[in-house]
Amino acid sequence: MRDVAFRQYIKLLTLTAVTVIIFAAAPGVAGAVQVSDATEECIGCHDEVTPGIVSDWRESRMAKVTINEALQKNPDKRRVSVKAPPQGLADVVVGCAECHTSSPDRHKDTFEHNGYNVHTIVTPEDCNACHPVERSQYAKNLMSNAYGNLMDNSVYRMLIDSVNGVQSFEQGMLRTHAPDDLTNADSCLACHGTRIKVEGQVVRDTDMGEMEFPVLTGWPNQGVGRVNPDGSKGACTACHTRHEFSIKVARQPYTCSQCHKGPDVPAYAVYMVSKHGNLFVSQKDGWNFESVPWVAGEDFNAPTCASCHVSLIESEAGDVIAERTHQMNDRSKWRLFGLIYAHPHPGSADVTTIKNRAGLPLPTELTGEPAMEFLIGPEEQEIRLERMMKICSACHSRSWTEGHFAKLERTVETTNAMTKTATQVVQSAWDLNLSKGLEQNDSIFNEAIEQKWVNQWLFYANSTRFASAMGGADYAVFANGRYYLSANLQEMSDWLRFLDKAKKQE
Amino acid sequence: MRDVAFRQYIKLLTLTAVTVIIFAAAPGVAGAVQVSDATEECIGCHDEVTPGIVSDWRESRMAKVTINEALQKNPDKRRVSVKAPPQGLADVVVGCAECHTSSPDRHKDTFEHNGYNVHTIVTPEDCNACHPVERSQYAKNLMSNAYGNLMDNSVYRMLIDSVNGVQSFEQGMLRTHAPDDLTNADSCLACHGTRIKVEGQVVRDTDMGEMEFPVLTGWPNQGVGRVNPDGSKGACTACHTRHEFSIKVARQPYTCSQCHKGPDVPAYAVYMVSKHGNLFVSQKDGWNFESVPWVAGEDFNAPTCASCHVSLIESEAGDVIAERTHQMNDRSKWRLFGLIYAHPHPGSADVTTIKNRAGLPLPTELTGEPAMEFLIGPEEQEIRLERMMKICSACHSRSWTEGHFAKLERTVETTNAMTKTATQVVQSAWDLNLSKGLEQNDSIFNEAIEQKWVNQWLFYANSTRFASAMGGADYAVFANGRYYLSANLQEMSDWLRFLDKAKKQE
Amino acid sequence: MRDVAFRQYIKLLTLTAVTVIIFAAAPGVAGAVQVSDATEECIGCHDEVTPGIVSDWRESRMAKVTINEALQKNPDKRRVSVKAPPQGLADVVVGCAECHTSSPDRHKDTFEHNGYNVHTIVTPEDCNACHPVERSQYAKNLMSNAYGNLMDNSVYRMLIDSVNGVQSFEQGMLRTHAPDDLTNADSCLACHGTRIKVEGQVVRDTDMGEMEFPVLTGWPNQGVGRVNPDGSKGACTACHTRHEFSIKVARQPYTCSQCHKGPDVPAYAVYMVSKHGNLFVSQKDGWNFESVPWVAGEDFNAPTCASCHVSLIESEAGDVIAERTHQMNDRSKWRLFGLIYAHPHPGSADVTTIKNRAGLPLPTELTGEPAMEFLIGPEEQEIRLERMMKICSACHSRSWTEGHFAKLERTVETTNAMTKTATQVVQSAWDLNLSKGLEQNDSIFNEAIEQKWVNQWLFYANSTRFASAMGGADYAVFANGRYYLSANLQEMSDWLRFLDKAKKQE
């Protein structure tokens, strides 16, 4: 027989011992931590000017550990992926100057500031100095292209224009005006990322006297696909929030909820009513969100968003359950987010080249068939599913996991079918001249019956699929789920009839 | 005069002393904890195969305390209700084998596994060995019959079919097809529970070589009224989540939120904007969710779902404020959930025998009168209300509590009245042949105006009542409350008119 | 170079030392804490009768610190604003009797209770004894007048009546009946506050024998603008929840969420998907919610509702970033909450005197122009904006902050424009006799097309503005944001057409 309580006791003893050692060792460790002269000069003023930022940074790991120290650890325990210290970074911690003055020529927002060439916007190219693997993985993530993938797509632009444009009422008719940049930045681009431009310089009267600063448009913004003044795409700070850059924050679903909670993509909302979400929020006070690698069963006992989609996960025995990925979609068989149907993930993070057979920049036809030449094939789909199932297997039997994903497969089928039916109803409106669509050279998103069609795939089908994928049942039924998916069709059908009768009276 | 701070000080001293004693005693306690040979054999492999489950279990109370130890406590401090140790369980902790190999003949999902007769699905009959009182209480809970109560009711089946069925668009008409089992399992039955069937055997290639496993349909599922392969009804793990079975988790409202957050039954959402919810989430880091009995004012200072509806609650003086119940409805005067009107609770947990005067399997008439012969009477209603009010009285005066429930009584009246008015509107649609109802042998839930009627009682009336019962004001007004209850009637009325005019044009 | 880790180490040492000192000093502190004889007598019974309340109070600061002790602190560390101890309160802690028996003549709900003149409802006038500054600030807060501002406004009353009134269906027509007091109390007045009246006395049979109590209507209620039996307005306990009155609770956004989460005013919901909300909920276990003053960067590293709108905020260096205010609106340039348009804040907390040029009791015309004589001017608006921006500056550069508020300015413009367009549509319905408005002496909130107009400004414009102000992007787009703001106009336009055609058929 095995002695379970004894095991617990040893754990406690170890924990105590480790704590004692940490305390004892602190002065020694402290001796090794060095802040560069440049950073110290930044802090000299900013401790007073923006004390909150400086305080955040002081709490950060970057303020405490040098690259050389980091490189002494086993690779699976490192948070840096560079093989050797970048020039000048070996023995100082990463502070203000290390990020905000690197490669000044590359940064169009560089300005002279107290003798330093400083840039406001730190970009993935800056982070690349120490985190090259993560940076290149993220470049394969659809999110890194979220600005262009949205703004350079003529169909999605129709949706943006109809959502963000101000409407006026003239002679009994509504007219939509083109949205302005500030509104787009406050709306879609808050998550997708803006294109930040340097528009000149401005002199400000500060506590330190007159100083010159760059004038930026599209700023502030921390969208995942931000186009930066140095030409790079993305904002690591979207998830690794400034200036503590805490892995504890990034690993909690609240970070993802910034952009994945709304009715279009209710992943967070679904998670929070799932068993996993229940365990997370009920027990997280006893979890370790800082540990690298992240050990299933020891550091946490139910997955968060990061566990399934991002983090390096190991077992207590040290076996790798999942490799770290910042591509994120490489553990997902389907792109559940319908455009307008759920489909296999695109093969490239830049989806601006996609064209379906009808000539539209969409990954599926309006009738549902996927534009397969631009999407991953069945083999890659299975590889990705297996990666995900290996994570499930840390706690669930194969039979459980297969049963779970069998339901998801069916949900993809049925929600796509319900999207197709809704498309047939709106198509019928276009055909009968009750609404103006592509053939009338009009937006397909700017009339009531078209918007009810948008609700069908953007809200109800997505909600149902996310709920099915993550086991948050409410969102598969009454919380924007199948109940709405069904009722909306009846609403569209009646509306079509009302439009038809109204037209006949004219 | 009394010295308050001194009292605090003594508490601290005691806490410190207790901590020291626990540490000192650990090896002694450890000596008493014994894992059975069978369970040890399970762990031998599963520590590697499904490490997360094993780790959860190790954290559980079941892994640490034997029945004999539990029986040495005062009855009100026990978590088991059995009077004497079941055979073989006296001196071992409850591990894998104790649950997954008990009564192999009863379990149709039993399969041979490394020399043991193992069943996948642990059922209330298995838990009954140590928790017979809770098991029999739960059998009186409507939830334990949630599968049959839903699936064997011809009216509710109409709703299921219209929600889960895929619709097609043929010759300008929508047609609803019968939903399949996987979809029902992913939708309504995720919470209500599936019927799990053994459909044969499958051989899998595992890390341990080829092994045979049962093929289960309706699996995975942890719905409250799951029909298990051993014929029993329910899944204790719906709330006591595997494999830690933590009372800390079950007592937090996040567990209930798995099924009680959506617009049909927004109990959790309401709670979270109530004073009680505010206190819970703001202060829970200082509460004790593990203590049995649960002491009001000491372990917690605002109720959670469990405090009012389930747990054994005592005062600091040791007086019983509420007895533990897994029947759950025995502290509730009303069944607030409208079907289609709020009504006194059914007398039996199996509601499939209910028939109203119109011959429908509903606890009220469509015109609102309750089918009293199947429901608890006024006397029992008052007993249940008094039980609840006694809990309120731990913190509130009688005048407060009576004032609170007076508002709820009025809310039940007015929301039932608003449901009746909506029913009259939809009845008028049926009478005028603008929609097909029971008299036309059609579903009463599958047309737009009918679904707006469903919204009235299933979403807006329910939301208003839950908000009134628990003091979450938003849900009584603008968050699916009275504002919607009122506006929806106007919408229905206009819709009826549009249907009427459309028909007249045909 | 500066040694960062050493700084951490010193912090730890200090913390340890402080802890030791606190423990050592406890008996000394305890010796100074004294409960009055009267309060001790209250507790004598209520420890048994309502143990939860007593336990809450024991945990409270009021039970531990006397006014004289509080007055020994630096003013910025005090939680009381009185300059000298009120009579009798110098050396006793504030217990039951100190609040519930003060000024018995003023309180109409005073009753004889075991030899004391006790009143049930403690009011801002009672709290005023020790917190006069906060009490007078709160009197300038719109919330303190929330009862009269709502109930004494003929336009808002139309909305209340249409929301809370029960409707009947007679001869194919809906008819709305006036709502009763209990319903209003359970609905709008739950947050706005009721008017509490003493309606007589009742004798109750208690555990202590027969006792007489006052009969109160409008009770229980903790709305922010409650009209109390002593004539005062407000309930400090709306935010400082009885009977612990914890600043830790009041400073967390859950307190505000009690009334600011619904679709009309989704401030909490927006906050929770913002960066600030993410940091709060991910890191709050390491924050200090008790400290006065509240030090940015030390006690918390992202703002909660209280940080921006209420609390005294200082920097680590001891500079005041924001003065404490219970007026709350004095850091806000705009009243984002549209009535029906966003507008500058009213100059007085009592808005019952406001009349726009059209003679309506509204702060703007129905066409959008603000009723400026009743509102703060541009100069005061800028002062308030600067107060808020100073808080932002603790962590953000001027360029960041200005960029942020530039987006908000545009959002105020565009959402007001979208409200105006919707108003033109409903005006057109009134003009064409398709709906009855003010000119037909009818409510402007009781028909379907009018309610869709209400949705436009009350839900979608408000949601978009709150999201813009606090950076919770979802609520600016798909979660009741611009997508709905746009789609609702199309829905209204089609509805107008359907109404028109229906009328033409009659």
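Computed from the coordinates by the stated procedures, all read-outs in this text should not be read as laboratory data. As the structure is a computational prediction, the values presented were derived from the model and not from experiment. All Cβ positions, glycine included, derive from the backbone under ideal geometry; neighbour counts span all protein chains shown.
Odds and ends about this structure:
- Its Cα centre serving as origin, the range C:329-506 has a Cβ charge dipole (Lys and Arg +1, Asp and Glu -1) of approximately 400 debye.
- Fewest-first ranking of B:Lys390, A:Lys333, using other Cβ atoms within 10 Å as the exposure measure: B:Lys390, A:Lys333
- Total formal charge among the other residues, if their Cβ is under 12 angstrom from that of C:Asn164, Lys/Arg +1 and Asp/Glu -1: -1
- Dimensionless Rg/Rh of the range A:63-150 - Kirkwood Rh, Rg from C-alpha atoms: 1.02
- Unit charges on C-beta of K, R, D, E only; dipole of the range B:104-238, Debye: 640 debye
- Annotation for B:Gly318, label-to-label distances across the other copies: 5.3, 5.3 nm (shortest first, one decimal, point 7 Å from Cα along Cα→Cβ).
- Cβ-placed point charges (K, R +1; D, E -1), dipole of the protein assembly as shown about Cα centre in debye, nearest 20: 620 debye
- Sorted from nearest, the other copies put their A:Glu373 label points 7.2, 7.2 nm away, the label point being 7 Å from Cα in the direction of Cβ.
- Between 0 and 90 degrees, the angle of helix C:482-504 with respect to the longest Cα principal axis of chain C falls at about 40 degrees.
- Projecting the Cα positions of B:Val426, B:Gln451, B:His404 onto the charge dipole of the range B:398-506 (unit charges on Cβ atoms of Lys, Arg, Asp and Glu, taken about the Cα centre) puts B:His404 furthest along the positive direction.
- Inter-centroid distance (Cα atoms) of the range A:439-480 relative to the range C:452-502, Å: 17 Å
- When both the range A:87-109 and the range C:235-309 are represented by their alpha-carbon centers, they are found 36 Å apart.
- Alpha-carbon centroids, the range B:37-84 and the range C:353-398: separation in whole Å: 63 Å
- Only Cα pairs under 8 Å and 6+ residues apart enter the sum, and on that basis the relative contact order of the range A:110-238 stands at 27 percent.
- Cβ crowding within 10 Å ranks B:Asp494, B:Asp105, C:Asp126 as B:Asp105, B:Asp494, C:Asp126, fewest other Cβ atoms first.
- Helix-only [θ]222 nm of the protein assembly as shown, DSSP H runs n ≥ 4, -39500 (n - 2.57) each, per residue, nearest 500: -13000 deg cm²/dmol
- As a ratio to 2.2 N^0.38 Å, the alpha-carbon radius of gyration computed for the protein assembly as shown takes the value 0.91.
- Exam field: A:Glu199 pseudo-label spacings to other copies (7 Å along Cα-Cβ), nanometres: 6.1, 6.1
- Where chain B is carried onto chain C by rotation, the Cβ closest to that axis, with its residue and distance in Å, is B:Phe498, 3.
- Taking a Cβ cut-off of under 13 Å around A:Tyr147, the surrounding Lys, Arg, Asp and Glu residues balance to a net charge of +2, with basic ones at +1 and acidic ones at -1.
- Translational D in µm²/s for the range C:33-100 (Stokes-Einstein at 20 °C, 1.002 mPa s, Kirkwood Rh from C-alpha pairs): 170 µm²/s
- When chain B is described by a simple charge dipole with +1 on each Lys and Arg Cβ and -1 on each Asp and Glu Cβ, the residue from B:Met208, B:Asn117, B:Cys239 located farthest towards its positive end is B:Cys239.
- Neighbouring Cβ atoms from other chains, within 10 Å of the Cβ of residues in C:312-320, number 2 on average.
- For chain B, averaging the sequence separation of C-alpha pairs within contact (under 8 Å, six or more residues apart) and dividing by the residue count gives a relative contact order of 12 percent.
- Prolate/oblate/rounded call for chain B, Cα gyration tensor, a/c under 1.5 rounded: oblate
- Short-range pairs are left out: with C-alpha atoms under 8 Å and at least six residues apart, the relative contact order of the range C:329-506 is 20 percent.
- Shielding of A:417-428 by partner chains, average beta-carbon count, 10 Å: 3
- Environment charge of B:Leu432, counting only residues whose C-beta is closer than 9 Å and scoring Lys/Arg +1, Asp/Glu -1: -1
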